[in-house]
Amino acid sequence: MSRTCAFVLVCGALVSMAAPVAAQETQRQGPPQVVTTGQGEVRVTPDRATVMLGVQTRAATAEEATTQNSRKQRAVIDAIKARGIPAEQIATSSFNVIPETRYDREGQAAPRTTSYLVVNSVSVEVRRIDQVGRVIDAALGAGANQVTSLAFEISSPDSARRAALSSAVAKAKAEAEVMAMAAGGSLGPPIELVAGQAFIPPP
């Protein structure tokens, strides 16, 4: 299973440009400035994942649907634990009881509840990538009937973020130097640096 996580950071640089200008103009307007933007990206291999699993049951009464759902959920959690996932990495993220109502097409009869749908979602933190497939298989085999999401992550994102930030700053500086030279000046010290994380479409 090959996956990568990308850290994309955008850095905006506001720098000064040293150039020969009249003293009165410098006093009135301040030194010339160049504003540039650089983007840095670092791709790393994820070492953990979060899996969202769902157990969905339907019955004639809310009590029956809840009882069936609870039994299936216990079986799912036991199966996940049997794959080496400790209890503290497994959590119920949501629980919903939804009455299913039938409406009379002619509008002559009052709406009536025909069944109840119970949806129980379980979040599983998998700290070894090679366990992801086995955890999903075990959960589905034990009664889970939904895989809501699968998110790959890295345990130590700081170093990757710093590398992306360094690349973004270097690109912004290079752009500023080219613009300053083209305008007949030279690049001075940076005035302001602003960093922000860019949107990354989910895999």
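The values are calculated or read from the model by the stated rules, or taken from the named source; none is laboratory data. Predicted model, so just to flag it, every value in this text is computed and none were measured. Heads up, the Cβs are rebuilt from the backbone with ideal geometry, glycines too, and the neighbour counts pull from every protein chain shown. These accessible areas exclude ligands, DNA and RNA; they are computed on the full protein's heavy atoms, side chains included. Shrake-Rupley method; radii C 1.70, N 1.55, O 1.52, S 1.80 Å.
Data table
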{"item": "Every residue from region 35-46 that is buried (at least 16 other Cβ atoms within 10 Å of the Cβ) and touching a Gly at 6+ places or on another chain (Cβ under 9 Å)", "result": "36, 38"}
{"item": "Selection count where residues are in contact with a helix residue (DSSP H, G or I) (Cβ under 8 Å, 6 or more places away or on another chain), open to solvent by less than 60 Å² (accessible area, probe 1.4 Å) and either part of a helix (DSSP H, G or I) or of a type outside the set (Val, Ile, Thr) (or both), scope region 144-185", "result": "2"}
{"item": "Residue 104 vs. criteria of a type in the set (Asp, Glu), farther than 30 Å from residue 52 by Cβ, open to solvent by 50 Å² or more (accessible area, probe 1.4 Å) and without any contact (Cβ under 8 Å) to a residue 40 or more places away in the chain", "result": "yes"}
{"item": "Test: residue in region 191-200 that is at pLDDT 90 or above, touching a Leu at 6+ places or on another chain (Cβ under 7 Å) and of a type in the set (Gly, Ala, Ser)", "result": "no"}
{"item": "Cβ-Cβ under 7 Å pairs, at least 6 apart or on other chains, region 57-70 side within 20 Å of residue 146 (Cβ to Cβ), far side of a type outside the set (Phe, Trp, Tyr) and outside any strand (DSSP E or B)", "result": "57/65; 57/68; 57/69; 57/72; 58/65; 59/65; 59/68"}
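Here is a yes/no grid of residues against (1) within 30 Å of residue 191 (Cα to Cα); (2) among the acidic types (Asp, Glu); (3) buried (at least 17 other Cβ atoms within 10 Å of the Cβ); (4) modelled with pLDDT under 95:
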position: 11; (1), (2), (3), (4): yes, no, yes, yes
position: 14; (1), (2), (3), (4): yes, no, no, yes
position: 19; (1), (2), (3), (4): yes, no, no, yes
position: 23; (1), (2), (3), (4): yes, no, no, yes
position: 48; (1), (2), (3), (4): no, no, yes, yes
position: 80; (1), (2), (3), (4): no, no, yes, no
position: 98; (1), (2), (3), (4): no, no, no, yes
